[in-house]
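A.B. asks: Here it is: the structure, laid out below.
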Amino acid sequence: MSKWDKLIIDILKLNKNIRFEELVKALSRMGYKQGQPNRGSSHYTFRKKDCNVITIPKTKGSKHIDIVYIQLVKEAVEKYYSERSEDDEKS
């Protein structure tokens, strides 16, 4: 199983030990663009056409991401794979 598959499984299982960088990696690979925070804000915004905006705070140190934000990325993953399977059925 690839690192990508393991990451997606962790997101779908709402693994509370996921780091900010891992969520960024998943969102980027799914086509989301990262917006930089303004004036020292710790919140990063991820945008993709026809998708909800996702905002995630970057914590300092070894703190993990709150489950609420992992849930947002989980919903994005589910939508991404749902759209991909629909595209596969059409072709």
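A.B. asks: Given the residues TYR44, TYR81, which is the only one that is among the aromatic types (Phe, Trp, Tyr) and under 20 Å from LYS6 (Cβ atoms)?
C.D. replies: TYR81
A.B. asks: Which residue out of LYS33, LYS6 is exposed (fewer than 14 other Cβ atoms within 10 Å of the Cβ), in contact with a strand residue (DSSP E or B) (Cβ under 7 Å, 6 or more places away or on another chain) and modelled with pLDDT of 95 or more?
C.D. replies: Every option except LYS33 fails the conditions.
A.B. asks: List pairs: first residue in region 65-87 and closer than 14 Å to PHE20 by Cβ, second residue of a type in the set (Gly, Ala, Ser) and assigned to a helix (DSSP H, G or I) anywhere in the structure, Cβ distance under 8 angstrom, at least six positions apart or on different chains.
C.D. replies: Note: pairs meeting the criteria are VAL73/ALA26.
The values are calculated or read from the model by the stated rules, or taken from the named source; none is laboratory data. All values derive from a computational prediction rather than experimental measurement. Because the Cβ atoms are built from the backbone with ideal geometry, glycine has one as well, and the counts that use them run over all protein chains shown.
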